[in-house]
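Nothing in this text is a laboratory measurement; each read-out follows from the coordinates by a stated rule. Predicted model, so just to flag it, every value in this text is computed and none were measured. Counting neighbours? That spans all protein chains shown, and the Cβs are built from the backbone with ideal geometry, glycine included.
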DNA sequence: ATCCTACATTGGACATTGTCTAAGTCAAGA
DNA sequence: TCTTGACTTAGACAATGTCCAATGTAGGAT
């Protein structure tokens, strides 16, 4: 994660205590926290940090592509610090296991021009669902 | 959509003016509205309808499987009345508008066997993202 | 080392989206 | 038509996120 801080400084970021703490929280665990969870954990390390700063910092990290914003359930967004590879998911409908997968071909090409309704289409997210090996034998 | 009203009556629903109006609003097939948009359009037809009733009715339609709840960004959920036909979604990254689209080809075929990790893959959900015509000119 | 200043932070007001409840209303069967 | 329990309503409340003016400060300039 000091890599991250280096990259950010290279992009002209000021390295404030608050930003360091947010980066540290995101680096700590494999769980994807909500903004308020990040704020709570950051406040353990730097009690006076404000919610606004956490939101700002997360938003900046997202727009720099350092962190992925995930919104699965219409409630709070969650932040995924492992944002550095293409992101499709294979989900087990029975047990919920998630794997990252890499589909072949250009997924965007699957949408014909006459189905684009004037949109400038730029990205595509795919979730495959099925039954994983453990669940299909159990 | 009168089909829908018939089905609902068959399930023991009371056919109130409010529910009729919500069903009527949902009976367009291209854009998916947020709950508040449904409320606004319903209020054009029945001015005294309350937000709570719209939320209640949408929630009931979702749990009956008549309408799909779609949450593509962390903002308002949208309601897709087209729950009985396979389709994918095209989302405006700026304003959140959702359209149904129908990609060409077999989307499942895009996932090679060696990327299936032993799963019996059965369905695929695709969300295309881009900028809609209104947002790209504004 | 100190000073400047543009950028960062803060706290709190505000906005959006959704939930809940108590009291009044009404659809539909008897 | 009468009754009754389901439905609707208004508005308070909750959760999440955004915005702003005032204040603080990182890091280059001197």
What Rg and what Dmax come out for segment A:88-137 when only alpha-carbon atoms are used, in angstroms? 14.6, 46
Inter-copy distances for residue A:14, nm, shortest first, label points 7 Å along Cα→Cβ, are 6.1
Per residue, the convex hull volume that the Cα atoms of segment A:2-80 enclose (Å³): 87
State the percent of C-alpha pairs, over all pairs in chain B, separated by a distance greater than 21 angstrom. 51
Which whole number gives the average, over all residues in A:6-17, of C-beta atoms from other chains lying within 10 Å of the residue C-beta? 0
Within the protein assembly as shown, helix-based [θ] at 222 nm, where runs of 4 or more DSSP H residues each add -39,500 (n - 2.57), nearest 500: -10500 deg cm²/dmol
Per-residue mean of C-beta atoms belonging to partner chains within 10 Å, peptide B:101-113: 5
On Cα atoms only, tilt of B:17-26 relative to the major axis of chain B in degrees: 30
How far is helix B:51-63 tilted, in degrees, relative to the longest principal axis of the Cα atoms in chain B, given as a value from 0 to 90 rounded to the nearest 10? 50
Helix B:35-45 axis, angle to chain B major axis (alpha carbon atoms, nearest 10°): 40
Sorted shortest first, the nm distances from the residue A:135 label point (7 Å along Cα→Cβ) to its counterparts in the other copies are 3.2
Using only the Cα atoms of the protein assembly as shown, what do you get for the radius of gyration and for Dmax, in Å? 21.7, 65
